[in-house]
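The values are calculated or read from the model by the stated rules, or taken from the named source; none is laboratory data. Everything numeric in this text was worked out from a predicted model, so none of it was measured. Virtual Cβ from ideal backbone geometry, glycine too; neighbours counted across all protein chains shown.
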Amino acid sequence: MQMPASPPKQYQAFILDADNTIFDFNRAEEAALRETLREFGIQDVPEDTCRRYHRINDDLWKLFEQGRIAQEEIRVERFRRLLAYLPAAAGCRPNPQRIGESYIEALSEKGYLLPHALPVLQRMSSKVPLLLLSNGIASVQRRRIERAGIAAYFKDILISAEVGLAKPDPSIFDLAIEKLQCARDRVLCVGDGPSSDIRGGRAAGLDTCWYGPVGTIYPEDEPEPLFRISDLRQLLDFLPSVGH
């Protein structure tokens with residue numbers, strides 16, 4: 001599904017997801033994982049290690065969205081599961097908690113942005129208020145936001161662990177709307193997460209826009225977003241036309 005041929009609805013404020021919407025999280029994840037494994041002496045690993053870790057991590061974060069696991073458990077459990085597939089380093093098995101802590105430190109240093117994210121944020125924030133809404137680990141997100149130099153483009157930044165709420169709970173979207181001080185029907189929720197961003201945004205009564213690069217498949221069992229985009233520059237079409 002492509003953007004509609006006619007001009008899309010225009011909005012007065014935007015709620016934006018962070019990872020794989022603004023940040024290139026997949027790149028950061030792989031770089032941090034390889035760096036951490038080397039630190040613990042794990043050099044010769046199967047070629048699919050990063051893909052396996054990604055699947056493990058994705059499964060655990062889905063459990064988090066369902067309220068079935070805490071963030072602190074994810075930090076350790078993802079490496080407990082991954083290490084079961086990896087060769088021991090120098091005859092010993094690294095402690096999952098220690099390797100998890102090192103990974104968090106490595107990940108927090110990697111504020112890689114997706115293509116066009118910076119100029120799009122600059123342009124949008126000059127026209128309307130933006131709010132960044134993330135389920136990510138607070139220390140990681142705050143550091144990456146700092147490294148990328150994007151904090152100034154947001155009216156507010158809400159991170160689930162800091163506010164005690166998490167997507168897709170509609171309450172965290174209600175809080176975002178309160179921070180934006182904008183009518184609900186004039187706010188567009190944008191993200192790559194079908195369950196966290198689209199399902200959550202829709203449950204909160206928001207219009208939603210799914211960001212998925214070309215070739216990304218939207219799951220059939222998730223609620224349909226109002227809009228789909230494959231390039232962040234398409235968000236500029238949603239800005240108010242006056243002065244645009």
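A few remarks follow.
- You will find that of 150, 217, the residue that is hydrophobic (A, V, I, L, M, F, W, C), crowded, with 22+ Cβ neighbours inside 10 Å and not assigned by TED's automatic domain parsing to the domain that holds residue 58 is 150 and no other.
- Of the candidates 115, 129, the single residue that is surrounded by fewer than 21 Cβ atoms within 10 Å (Cβ to Cβ) and over 24 Å from residue 163 (Cα atoms) is 115.
- Among the criteria (1) over 23 Å from residue 119 (Cα atoms); (2) within 17 Å of the chain's Cα centre (by Cα), the one residue 164 does not fulfil is (2).
- Some residue of region 232-242 being under 18 Å from residue 10 (Cα atoms), surrounded by fewer than 15 Cβ atoms within 10 Å (Cβ to Cβ) and of a type in the set (D, E, K, R): yes
- Residue that is among the basic types (Lys, Arg), without any contact (Cβ under 8 Å) to a residue 40 or more places away in the chain, surrounded by 14 or more Cβ atoms within 10 Å (Cβ to Cβ) and in a helix (DSSP H, G or I), where the choices are 75, 51, 34: 34
- Annotation note: Cβ proximity below 6 Å between a residue of region 181-199 that is without any contact (Cβ under 8 Å) to a residue 24 or more places away in the chain and at negative phi and a residue that is buried (at least 24 other Cβ atoms within 10 Å of the Cβ) and of a type in the set (D, E, K, R) (sequence gap 6+ or interchain) occurs for no pair.
- Members of region 176-198 found to be surrounded by fewer than 19 Cβ atoms within 10 Å (Cβ to Cβ) and within 24 Å of residue 69 (Cβ to Cβ), listed by number: 195
- The single condition among (1) closer than 26 Å to residue 217 by Cα; (2) modelled with pLDDT of 95 or more that residue 67 does not satisfy is (2).
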